[in-house]
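A short worksheet on the structure shown next.
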Amino acid sequence: KSFLSSSHQGISQVVERILWKLEKEEQAITKSKIHDKNYKYDIMLSFSQSDKDLCLLIYDELVKYNFRVWIDEDETLAITMNEKCEIIDECEYFLMCLSDTYKKDDFCRSQATYAFERQCKIIPLIVLSNYRPDGWLNRIINGKISIDFIKFDFELAKTQLKNEIDRQRKYSKLNQKQNSILIKTPIEISID
């Protein structure tokens, strides 16, 4: 723990991530699962710093669609993993910008694992040419619709992303409505 106060920012960040993984991850995940609530943000955009340029373009488009988007634009702020978890909890959607560097980044992995374990609505975005997720990343996105910002024209990809968010919101509202009907409808049982 003495390395947390290191003057070298990289060392203190690595130590903070390791300590979070060892001491706080399980506690954070075991909090009640995310369900119906009012979110501070519509979207959290999770990405590796090496993919930042494309991710900022995606961010700009999401803002044009009037989404409230949280993005870590300034990596020098050194946001702790606990703070990231709180932000993830305040977002309706967790967008993962997938690339080799995202998969190799322990901080990205911790965020993605936390969002997955908390049953967040995850939408994978491919931001590297011919990228095929595998390993831990494939386990998290398995069965989810990915939007490929490299294979397709950017305009088409951003429209697909908007449509996927709209589709998921519509499905979520329909599910909530059906669940409330099931809960509110009394069942009469007669024993003869």
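Just so you know, all these numbers are worked out from the coordinates, no wet-lab data involved. Worth saying up front: this structure is predicted, and the values here are computed from it rather than measured. Ideal geometry is used to build each Cβ from the backbone, glycine not excepted, and the neighbour counts take in all protein chains shown.
So here's what we get for this one:
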{"quantity": "Peptide ranges 90-103, 47-60, 151-164, 129-142 listed from the most packed, as the mean C-beta count within 10 angstrom indicates", "calculated": "90-103, 47-60, 151-164, 129-142"}
{"quantity": "When each of 40/151; 144/170; 121/173; 52/151; 104/144; 52/121 is checked by Cα-Cα distance, pairs over 24 Å", "calculated": "40/151"}
{"quantity": "Note, ³J(HN,Hα) from phi for segment 80-93, Karplus 6.51, -1.76, 1.60, rounded to Hz, x at Gly and Pro", "calculated": "6, 5, 4, 5, 4, 4, 4, 5, 4, 5, 9, 10, 6, 10"}
{"quantity": "Built amide H within the under 5 Å cut-off of residue 122, gap 5+", "calculated": "94"}
